[in-house]
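Asker: The structure is given below, and queries will be raised subsequently.
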Amino acid sequence: MTGLITPERGSLVLRSSGRVPVSGRFHVRTVLVCAALLLATAAVTFAALLLGAVVHTPAEVVRALAGDAPPSVELFVVQWRLPRALAAVVFGALLGVAGALFQSITRNPLGSPDIIGFTAGSSAGGVAVLAFVGSSYLLVAAGALTGGLVVAAIVLLLSRGGGVAGFRLVIVGIGLSAMLTSLETWVVLTADIEQAQIAALWGAGSLNAVSFGYTGPAMVIGLVALIVTGVLLDRRLTLLELGEDVSASLGSDPGRTRLAAVLAGVVLVAVVTAAAGPISFVALAAPHVGRRLAGATGVCLAPAACTGALMLASADLAAQHAIPGHSFPVGVATVAVGGLYLVTLLIRENRKGAL
Amino acid sequence: MNTPEGRPGDGPTPLRAHDLTMAHDQHVVGEHLDLEIPAGRFTVVLGPNACGKSTLLRSLSRLHEPRAGTVYLDGRDIHRMRAKDVATRLGVLPQSAVAPAGISVFDLVRRGRYPHQSFLSRWGPEDERSVRRALERTGMAELADRPVDALSGGQRQRAWVAMALAQESPILLLDEPTTFLDVAHQISLLELLSELNRTGGRTVVAVLHDINHAAQYADHLVMMSGGRIVAEGSPAEVLTSELLAAVFDIDATIIEDPVNGGPHVITRHRAPAPVPTTPTKKVMP
């Protein structure tokens, strides 16, 4: 099998002339940006392994990862810090992609799951399960997924008249989010005090209690969903951006694409939310930042994933160590920064007249 | 039907509507339509606003599912074919095509290759050739790297035609492609379509508004009114003052086009029918 790589219009064309023809076209800047983002994410992750109540040297961390460090070092690095650091990377990527999916199908930069209520739905579902049922991952995940799907159905139904795109969807979503947040508060208030405390902690969005036992399944399910989404939906969403008619006339069913994207997005959000509680802002901002960095147009799932990973990894590192002696839930950090970002975004969109 | 001999693409009717009834929700826009699109010809559909011509075009291109009746593409029910199979046979330029912000002409045109691509083979040599050919034929090769939203209306429409051409489909359907263009760009687009039809042997179907453009470029003219096909044939056969009066409610004089010898329509707003006057008799005492 011979391969062929040719540069063309800022893209690399890859072709293999085997029995099954394989070919693809890659935007060079996108590939470079993704590589750089992943490198930066790796650096942040490594820093997260070094830092803590006990600061280790890089050499110790490398040895611990390789499996020949003293048990005390391994306990800190591999047992405690690694699951949390990896979870931040994977969950960040999932949220970034979920945001890119929703922004693409709503054709609205504000159409991210944390604005249009899907995150709040997952969160309310999760809190209800935690408060009244139990705290195993699968139970919480089922609750979060149900909450997310129910909200997705309601939002899509209520915004039908205005089309999936646009203002109405965002407004309906914001309204539902507010209602769900108060519902969540009510659930916490009525629940048994211990469970209420667990639920409230979870509701802040935190990676504090992360261990492989709890988040392992979430990471595996999430990564699988991520890859399936990328492979199956990327090109179809690119076509859908040309409008329903053009997409249909090129042989891709717009209704099915949209439904698949909503389902995939809700699953991605629910997987993360069930494991770590609601973490906002990443899904909103990662797609914008990633697209801008890559200098590309359209849906851009890969840059969104890489940017999301870097954002959540950095946010969690900052939440743990920015103020010495105080470790915040990462959700608090992202909400604080995200609020500012949302305000600037609203002002910019308002000026463009897109709202 | 006029059939000048020796044209490429002549053959059995590739696209045919049988007993078509079309409706939007409860509102029926056309009933029991039968239509055959002649192979290798430039067919123009004319008719007043809301006569159902756009819906007919959408039904022919599988974008609108008719209430009853069947559209046959190469003898097969188009709504039972795989969407990708239809897309390799039939390209569509819908009425309101808006390119995403910032997308380049090249990126737009290459999306037309989707129906020919597969999961693994996403950008083969054939894709590259088709896109280059489409850009050259539409005169867009030099503008390939420009963002679509920075182009003039006429260039933008050409970029969309290039996208449909990259599909390499033998049939091309266009819904009011000249609307919103100035007259020079209208003519240049119609010349392009006509050339694609003549030299490429493509079957072209376009919904147009301008009667004289239709007269000048169509081989085959379909006149619609109130959801029915009221006349069909060569422009000379279809364009008569009686029919134009009945369909558009205009007074029209048909003269011979001094350039190409075809019909040319001179239109005037229809004067209200004169009130019959009865001579008044003076009653003499």
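The values are calculated or read from the model by the stated rules, or taken from the named source; none is laboratory data. Note that this is a predicted model, so its numbers are computed, not measured. Counting neighbours? That spans all protein chains shown, and the Cβs are built from the backbone with ideal geometry, glycine included. Heads up: the accessible areas ignore ligands, DNA and RNA and are worked out on the full protein's heavy atoms, side chains in. Shrake-Rupley method; radii C 1.70, N 1.55, O 1.52, S 1.80 Å.
Asker: Given A:F26, B:V148, B:T55, which one lies farthest toward the positive end of the charge dipole of the protein assembly as shown, if we put +1 on the Cβ of every Lys and Arg and -1 on the Cβ of every Asp and Glu?
Answerer: A:F26
Asker: What's the magnitude of the charge dipole for chain B around its Cα centre, counting Lys and Arg as +1 and Asp and Glu as -1 at the beta-carbon? Answer in Debye, nearest 20. Don't skip to the answer; put the middle values down first.
Answerer: On the way: 30 positive and 34 negative charges, 96 e Å.
Dipole about the Cα centre, nearest 20: 460 debye.
Asker: As a test of the formula, what do you get for chain A when each DSSP H run with n ≥ 4 contributes -39,500 (n - 2.57) and the sum is divided by the residue count, at 222 nm and rounded to the nearest 500 deg cm²/dmol? It would help to have the intermediate numbers written out before the result.
Answerer: Working: 14 runs with 248 residues, N = 355.
Value at 222 nm, helices only: -23500 deg cm²/dmol.
Asker: Share of the stretch A:31-352's accessible area from carbon and sulfur, percent, 1.4 Å? Before the final figure, lay out the partial values.
Answerer: Working: 9650 of 13370 Å².
The nonpolar share, carbon plus sulfur, comes to 72 percent.
Asker: Here is a follow-up. Just want to confirm a number: the relative contact order over the stretch A:31-352, from Cα pairs under 8 angstrom separated by 6+ residues, in percent.
Answerer: The normalised contact order for the stretch A:31-352 reaches 30 percent.
Asker: Would you please give the FRET efficiency between A:L32 and A:S135, computed as 1/(1 + (r/R0)^6) with r the Cβ-Cβ distance and R0 = 60 Å, to the nearest 0.05? Before the final figure, lay out each step's value.
Answerer: Numbers: r = 43 Å, r/R0 = 0.72.
Here the calculated transfer efficiency is 0.90.
Asker: Further question: Of A:H288, B:H116, which has the most accessible area and how do the rest follow, probe 1.4 Å?
Answerer: Values: A:H288 25, B:H116 75 Å².
Listed by decreasing accessible area, they come as B:H116, A:H288.
Asker: Calculated FRET efficiency, B:L243 and B:S152, Cβ-Cβ r, R0 30 Å, to nearest 0.05? Kindly include the intermediate steps, with their values, before the conclusion.
Answerer: Details: r = 36 Å, r/R0 = 1.20.
Plugging the Cβ-Cβ distance into 1/(1 + (r/R0)^6) gives 0.25.
Asker: Okay, helix-only estimate at 222 nm for chain B: each DSSP H run of n ≥ 4 adds -39500 (n - 2.57), divide by all residues, round to 500 deg cm²/dmol; what do you get? Present the calculation step by step, with values, prior to reporting the outcome.
Answerer: Details: 9 runs with 85 residues, N = 285.
Theoretical 222 nm ellipticity from helices: -8500 deg cm²/dmol.
Asker: Now, a different point. Could you order A:I198, B:I229 by accessible surface area, starting with the largest, using a probe radius of 1.4 Å?
Answerer: Values: A:I198 85, B:I229 40 Å².
Result, largest first: A:I198, B:I229.
Asker: Do any GluC sites (Glu not before Pro) in the stretch A:1-93 lie in a loop, going by DSSP, with at most 15 other beta-carbon atoms within 10 Å of their beta carbon, and if so which? All intermediate terms of the calculation are to be shown ahead of the outcome.
Answerer: On the way: sites: A:E8, A:E60, A:E74; in loops: none.
Sites meeting the loop and neighbour criteria: none at all.
Asker: Non-local amide H neighbours of B:S104 (under 5 Å, H modeled in plane, Pro and chain starts lacking H): which ones?
Answerer: Those qualifying (amide H under 5 Å, at least 5 residues apart or on another chain) are B:V148.
Asker: Lys and Arg at +1, Asp and Glu at -1: add these up for the other residues within a Cβ distance under 14 Å of A:S16 and post the number.
Answerer: On the way: positive: A:R15, A:R19, A:R25, B:R122; negative: none.
Combined, the nearby Lys, Arg, Asp and Glu give +4.
Asker: Find out how many positive minus negative residues lie around B:A252, taking Lys and Arg as positive, Asp and Glu as negative, among other residues whose Cβ is under 12 Å from that of B:A252.
Answerer: Its environment carries a net charge of -1.
Asker: Right, another one. On the full set of protein chains, 1.4 Å probe, figure out the accessible area of A:Y341 and give it in Å² to the nearest 10.
Answerer: Accessible area of A:Y341: about 50 Å².
Asker: Determine the shielding of peptide B:114-126 by partner chains: average, over its residues, the number of Cβ atoms on other chains within 10 angstrom of each Cβ.
Answerer: On the way: counts 9, 4, 1, 4, 4, 4, 6, 7, 10, 9, 7, 6, 2.
Taking the mean over all residues of the peptide, I get 6.
Asker: By the scheme Lys and Arg +1, Asp and Glu -1, what is the net charge of all other residues having a beta-carbon under 11 Å from that of A:A48? Don't jump to the answer; show the numbers that get you there.
Answerer: Numbers: positive: A:R81, A:R84; negative: A:D316.
Summing Lys/Arg as +1 and Asp/Glu as -1 gives +1.
Asker: Tell me, what is the percent relative contact order of the stretch A:254-355, built from C-alpha pairs under 8 Å that lie six or more residues apart? Write down the numbers at each step before the final one.
Answerer: Numbers: 70 pairs, mean separation 25.3, N = 102.
The value is 25 percent.
Asker: Test of understanding: express the Cα radius of gyration of the stretch A:31-352 as a ratio to 2.2 N^0.38 Å, with N the residue count. Provide the component values of the computation, followed by the final result.
Answerer: Values: Rg = 19.5 Å, N = 322, 2.2 N^0.38 = 19.7 Å.
Cα-based Rg divided by the globular estimate yields 0.99.
Asker: For the Cα atoms of chain B, what angle does the longest principal axis make with the long axis of helix B:153-166, in degrees from 0 to 90, nearest 10?
Answerer: 60 degrees
Asker: Quick one: buried accessible area between B and A, total over both chains, 1.4 angstrom probe, nearest 100 Å²? Don't jump to the answer; show the numbers that get you there.
Answerer: Details: alone 14850 and 17090 Å², together 29230 Å².
Summing both sides, the interface buries roughly 2700 Å².
Asker: Now for a different question. Which order do you get for A:F281, A:F212 if you rank them by accessible area with a 1.4 Å probe, largest at the top? Could you put the intermediate results ahead of the total?
Answerer: Values: A:F281 30, A:F212 95 Å².
The residues order as A:F212, A:F281, largest area first.
Asker: So in the protein assembly as shown, what percent of DSSP beta bridges are antiparallel if you round to the nearest 5?
Answerer: 70 percent
Asker: With label points built 7 Å along Cα→Cβ from the Cα atoms of B:T253 and B:E31, find their separation and express it in nm.
Answerer: Here the modelled spin labels are 4.0 nm apart.
Asker: Between A:F46 and A:R348, what is 0.36 nm times their sequence separation minus the Cα-Cα distance? Round to one decimal in nm. Walk me through the numbers before you get to the answer.
Answerer: Numbers: separation 302, 0.36 × 302 = 108.72 nm, distance 3.58 nm.
Result for the pair: 105.1 nm of gain on full extension.
Asker: Still on this model: So how do B:245-258, A:252-265, A:296-309 stack up, highest first, on mean other-Cβ count within 10 Å? Please report the intermediate quantities before stating the final value.
Answerer: Working: B:245-258: 13.8, A:252-265: 18.9, A:296-309: 26.1.
Result, highest mean first: A:296-309, A:252-265, B:245-258.
Asker: Using a/c under 1.5 as the rounded threshold, could you call the stretch A:276-355 rounded, prolate or oblate? The axes a ≥ b ≥ c are square roots of the C-alpha gyration tensor eigenvalues, and prolate needs a/b larger than b/c, oblate otherwise. Working shown, then result.
Answerer: Numbers: a/c = 2.65, a/b = 1.54, b/c = 1.72.
In terms of gyration-tensor shape, oblate.
Asker: Further question on the same structure: Can you compute 3J(HN,Hα) from phi for each residue in the stretch A:330-346, using the Karplus curve 6.51 cos²θ - 1.76 cosθ + 1.60 with θ = phi - 60°, rounded to whole Hz and x for Gly and Pro?
Answerer: 4, x, 5, 4, 5, 5, 4, 5, x, x, 4, 4, 4, 4, 5, 5, 4
Asker: Let me ask something additional. When the dipole is taken about the Cα centre of the protein assembly as shown, and only Lys, Arg (+1) and Asp, Glu (-1) are charged at their Cβ, what size is it in debye, to the nearest 20? Please list the in-between numbers first.
Answerer: Values: 50 positive and 49 negative charges, 116 e Å.
About 560 debye.
Asker: Something else about it: Would you work out what percent of the accessible area of chain B, with all protein chains in place, is carbon or sulfur (probe 1.4 Å)? Mind showing how you got there, number by number?
Answerer: Values: 6880 of 13610 Å².
That share works out to 51 percent.
Asker: Let me ask something else about it. Rounded to the nearest 10 Å², what accessible area does A:H56 have for a 1.4 Å probe in the complete protein model?
Answerer: 20 Å²
Asker: Quote the charge dipole size of the stretch A:31-352 about the Cα centre in Debye, to the nearest 20; the model charges only the Cβ of Lys and Arg (+1) and of Asp and Glu (-1).
Answerer: On the way: 15 positive and 14 negative charges, 162 e Å.
Using only the charged Cβ atoms, the result is roughly 780 debye.
Asker: What FRET efficiency do you get for A:A59 and A:V220 if R0 is 25 Å and r is their Cβ-Cβ distance, rounded to the nearest 0.05? Mind dumping the intermediate values first?
Answerer: Numbers: r = 31 Å, r/R0 = 1.23.
FRET efficiency, A:A59 to A:V220: 0.25.
Asker: Between A:L39 and A:H326, what length comes free when the chain is fully extended (0.36 nm per residue of separation minus the Cα-Cα distance, one decimal in nm)? Numbers along the way, then the final one.
Answerer: Working: separation 287, 0.36 × 287 = 103.32 nm, distance 2.77 nm.
Residue separation times 0.36 nm, minus the Cα-Cα distance, leaves 100.5 nm.
Asker: List the relative contact order of chain B as a percent without decimals, with contacts defined as Cα pairs under 8 Å and 6+ residues apart. Don't skip to the end; give the middle numbers.
Answerer: Values: 527 pairs, mean separation 64.8, N = 285.
Relative contact order comes out at 23 percent.
Asker: Could you give each residue of the stretch B:239-250 its phi-based ³J(HN,Hα) in whole Hz, using Karplus coefficients 6.51, -1.76, 1.60 with θ = phi - 60°, and x for Gly or Pro?
Answerer: Computed from phi, the couplings for the stretch B:239-250 are 7, 10, 4, 4, 5, 5, 5, 5, 7, 9, 6, 10 Hz.
Asker: Still on this structure, I have one more. Sticking with the crude label model, points 7 Å out along Cα→Cβ, report the distance from A:L232 to A:L340 in nm, one decimal please.
Answerer: 4.0 nm
Asker: Please give the per residue volume of the convex hull enclosing the alpha carbon atoms of chain B, rounded to a whole number of Å³. Walk me through the numbers before you get to the answer.
Answerer: Details: hull volume 54.0 nm³, N = 285.
That works out to 189 Å³ per residue.
Asker: Is the protein assembly as shown rounded, prolate or oblate when judged by the Cα gyration tensor, a ≥ b ≥ c being the square roots of its eigenvalues, rounded requiring a/c under 1.5 and prolate requiring a/b larger than b/c? Mind showing how you got there, number by number?
Answerer: Working: a/c = 2.94, a/b = 2.01, b/c = 1.46.
Taking the square roots of the gyration eigenvalues as a ≥ b ≥ c, the protein assembly as shown is prolate.
Asker: Considering the options A:L242, A:L310, A:G67, tell which one lies farthest towards the positive end of the dipole of the stretch A:31-352, charges being +1 on Lys and Arg and -1 on Asp and Glu at the Cβ, about the Cα centre.
Answerer: A:L242
Asker: Accessible area per residue, 1.4 Å probe, Å², for the stretch A:113-222: what's the number?
Answerer: Details: 5090 Å² over 110 residues.
For the stretch A:113-222, the per-residue accessible area is 46 Å².
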